[in-house]
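This report concerns only the one structure given below.
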Amino acid sequence: MVKIKLAQSENFGMGTVITNRVFGEMAEEALQAALQETSRLERLLSRFIRDSDISRINVCAGTGCQGIGSETCELLLRSLEFSERCNGSFDVTIGPLAALWSGARESSEPPCEAEIADALPLVGYRDLALDPREGTAALGRSGQSIDLGGIGKGYAADKVLDIYRKFGIGSAFTNFGGNVAVIGVKPDGSPWRIGIRHPRSENGLIGVITTDGRSVVTSGDYQRYFIGVDGKRYHHILDPKTGYPAESGLVSVTVVADSSVAADALSTALFVAGMEQGVDFLDSYPGTEAVFVGRDLSVHVTGGLRGSFQPNKGIEVNWMR
């Protein structure tokens with residue numbers, strides 16, 4: 001019996017812990033190429049790296065166009081598409097608000113109303129002008145900024161899987177801090193099993209999704225949050241329309257899609273929009289499914305996941321569509 005080679009890693013990048021498990025004759029070579037690709041994409045797309053494409057766009061907001069790489073342009077075009085289809089529930093120009101709330105997490109003190117009122121008008125995806133032919137991007141007003149936190153990790157996960165395929169890898173798993181994407185099945189022929197964390201139980205699960213080649217991404221109010229001096233939970237998923245953490249009646253949304261970039265952006269958009277409107281958004285993405293967890297911890301699952309979503313013991317499922 002031929003032993004299948006395994007290469008695996010765990011490292012910090014793109015603001016999160018990234019894990020990889022790769023099976024195949026060229027597993028180690030594929031993994032090293034994927035790690036280099038992840039670093040390259042972070043240098044290209046992070047707003048925290050001074051000379052990245054995104055930082056250069058942000059610094060020059062309101063003053064004119066900046067030349068950008070084709071990949072940056074591709075990702076920003078996809079971002080605008082998600083914004084349009086999801087009625088602005090997803091918006092990469094959330095940067096001014098993201099920076100404001102990032103500072104608030106350090107002090108456990110939410111921003112004051114005046115600060116949010118100042119930042120809110122700077123958020124608007126229609127102010128992002130792209131010219132794919134010229135390879136340029138511009139933000140219309142000074143003070144605006146792009147933050148790819150809601151889509152960048154998904155884009156990177158897709159690129160990592162592309163590299164694995166180029167090396168002939170037929171079985172692989174990559175996880176960008178909860179953004180999970182897989183190729184094929186496990187070496188033993190069984191599907192990958194992706195757990196969905198219980199939003200109010202650190203070591204508990206709502207259930208498990210089995211998949212043989214899709215992406216599974218969860219957005220939840222438990223991932224990055226602080227408890228304010230008022231006793232209220234303030235999480236990191238911001239509503240572009242209000243400037244505050246989204247209050248849509250949901251505490252968790254998991255999206256299952258063919259691409260990680262779609263699952264990443266849609267998990268954010270659906271969390272912000274809420275379950276009823278979120279299901280309508282999914283109609284624009286055939287084959288894309290979701291698991292919604294309400295504030296009362298009720299679990300609602302779209303019908304396409306019948307047979308692949310297995311609830312944990314004691315979890316009652318409300319099937320949709």
Express the carbon and sulfur contribution to the solvent-accessible surface of region 196-276 as a percent, rounded to the nearest whole number, probe 1.4 angstrom.
44 percent
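Calculate, in nm to one decimal, what Glu37 and Glu81 gain on full extension: separation in residues at 0.36 nm each, minus their alpha carbon distance.
Result for the pair: 13.4 nm of gain on full extension.
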Once the mean 1/r over all distinct Cα pairs of region 12-71 is inverted, what Kirkwood radius in angstroms do you read off?
13.4 Å
Can you give the percent of C-alpha pairs in region 56-165 whose distance is more than 17 Å?
59 percent
Quantify, in whole percent, the carbon and sulfur part of the accessible surface of region 1-129 (1.4 Å probe; protein heavy atoms only).
52 percent
Projecting each Cα onto the charge dipole of region 62-128 (Lys/Arg +1, Asp/Glu -1 at the beta carbon, about the Cα centre), which of Leu80, Val92, Pro121 comes out farthest on the positive side?
Leu80
How big is the Cα convex hull of region 271-321 in projection, averaged over all directions, in nm²?
3.7 nm²
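Which loop GluC sites (Glu not before Pro) in region 215-321, with loop taken from DSSP, have no more than 16 other Cβ atoms within 10 angstrom of their Cβ?
Of the GluC sites (Glu not before Pro), the ones in loops of region 215-321 whose Cβ has at most 16 other Cβ atoms within 10 Å are Glu247, Glu316.
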Per residue, what accessible area does the chain have, given a 1.4 Å probe and all protein chains present, in Å²?
45 Å²
Along principal axes, largest first, the alpha-carbon spread of region 202-302 in whole Å comes out as 45, 33, 22
Against the rule of thumb 2.2 N^0.38 Å, how large the Cα Rg of region 126-197 comes out:
1.58
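What is region 10-57's relative contact order, in percent, from Cα pairs under 8 angstrom and six or more apart in sequence?
Contact order relative to length: 22 percent.
Report the trypsin sites (Lys or Arg not before Pro) located in region 44-121 that are in a DSSP loop and have at most 11 other Cβ atoms inside 10 Å of their Cβ, or state none.
Arg50
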Show me the three semi-axes of the equivalent ellipsoid for region 123-262, from the C-alpha gyration tensor (sqrt of 5 times each eigenvalue), largest first, rounded to whole Å.
30, 26, 10
Divide by every residue of the chain the summed helix terms, -39500 (n - 2.57) for each DSSP H run of at least 4, and state the resulting mean residue ellipticity at 222 nm, rounded to the nearest 500 deg cm²/dmol.
-9500 deg cm²/dmol
How would Val317, Val229, Val22 line up by accessible area, probe 1.4 Å, largest first?
Val229, Val317, Val22
Distance check, please: which entries in Lys153/Lys241; Lys186/Lys313; Lys5/Lys313 exceed 31 angstrom between their Cα atoms?
Lys5/Lys313
Residues whose modelled amide H sits under 5 Å from the amide H of Gly207, counting only those 5 or more places away in sequence or on another chain, are Ile196, Asn312
Counting each pair of different Cα atoms once, what's the Kirkwood radius of region 1-117 in Å, rounded to one decimal?
17.5 Å
Long-range share for region 40-86, i.e. C-alpha pairs more than 16 Å apart as a percent of all pairs, stands at 42 percent
Region 23-84 and region 88-154 have their Cα centres apart by a whole-number Å value of 17 Å
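The values are calculated or read from the model by the stated rules, or taken from the named source; none is laboratory data. Everything numeric here is computed off the predicted structure, so don't read it as measured data. Glycine also receives a Cβ, built like all others from the backbone with ideal geometry; neighbour counts cover every protein chain displayed. What goes into the accessible areas is simple: the full protein's heavy atoms, side chains included, and nothing from ligands, DNA or RNA. Shrake-Rupley method; radii C 1.70, N 1.55, O 1.52, S 1.80 Å.
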